[in-house]
1. Tell me the volume per residue, in Å³, of the convex hull enclosing the alpha carbons of the stretch 80-176.
2. So for the chain, what are the equivalent ellipsoid semi-axes in whole Å, largest first, each being the square root of 5 times an eigenvalue of the Cα gyration tensor?
3. Tell me the mean residue ellipticity at 222 nm calculated for the chain from its helices only (DSSP H runs of n ≥ 4, each -39500 (n - 2.57), averaged over every residue, nearest 500).
4. Report, in whole Å, the centroid distance computed from the Cα atoms of the stretch 73-95 and the stretch 120-176.
5. Determine the gain in length on full extension of the stretch V123-T5; use 0.36 nm per residue of separation and subtract their C-alpha separation, reporting nm with one decimal.
6. Using a basic spin-label model with each label point 7 Å from the Cα along Cα→Cβ, how many nm lie between L78 and A93?
7. State which helices in the chain qualify, where a helix is a whole DSSP H run, it must extend 27 Å or more along its own axis by its Cα atoms, and its mean Kyte-Doolittle hydropathy must be at least -0.5.
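No value in this document is a laboratory result; all are computed from the given coordinates. Worth saying up front: this structure is predicted, and the values here are computed from it rather than measured. All Cβ positions, glycine included, derive from the backbone under ideal geometry; neighbour counts span all protein chains shown.
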Amino acid sequence: MKQDTILYEGRYLTLAERDRWEFVTRSNARCVVALVAVTADEEIVLVEQYRKPVGAFVIEIPAGLVGDVADPDEPILLAAARELEEETGFVAARMNHLVDCPSSAGMSDEVISFVLAEDLGRVGPGGGDASENIEVHVVPLDEVDDWLVRQLSAGKRLDPKVYSALYWLKCNNPFS
């Protein structure tokens, strides 16, 4: 396989070229973990934060980088537990690695590892680390469709991974 040509290298992202195809790669993490987080009361835990690239507040599932803290070989489930507690203030009684998917296969080599986090217990306020300002939303699953429509009507953006999470919950974890 031909070696990638580095076109630009920033602190966190690298622009590379392979066979005349330009794409972005992360230079500070191995992959991303995204959490399908549900409580015992059948509520989904979502987060909201302002995202500078799109200039808007975005509703998302909790997520974060794997291997960006201290251990580049950080296990997926360890990163998932860390990010869940940091962003939402919840811990999970059970976690299951569902599937790995490309985040944007035409633009990046980034892989998202989806993790189902079940039977959540609240241990803190969440909100993210010092560089983040995350609002936590706990939404009953039987009300989530209407809630999402209201968020869109209020001018917020919706990350499509939310719909992936809802699909996997509806299908009762088709990857197990």
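1. Details: hull volume 13.4 nm³, N = 97.
It comes to 138 Å³ per residue, whole-number rounded.
2. 28, 18, 16
3. Mean residue ellipticity, 222 nm, calculated: -5500 deg cm²/dmol.
4. The two parts, judged by their Cα centres, are 16 Å apart.
5. 37.9 nm
6. My value for the distance between the label points is 2.6 nm.
7. Taking the DSSP H segments of the chain (at least 27 Å long, mean hydropathy at least -0.5), we get none.
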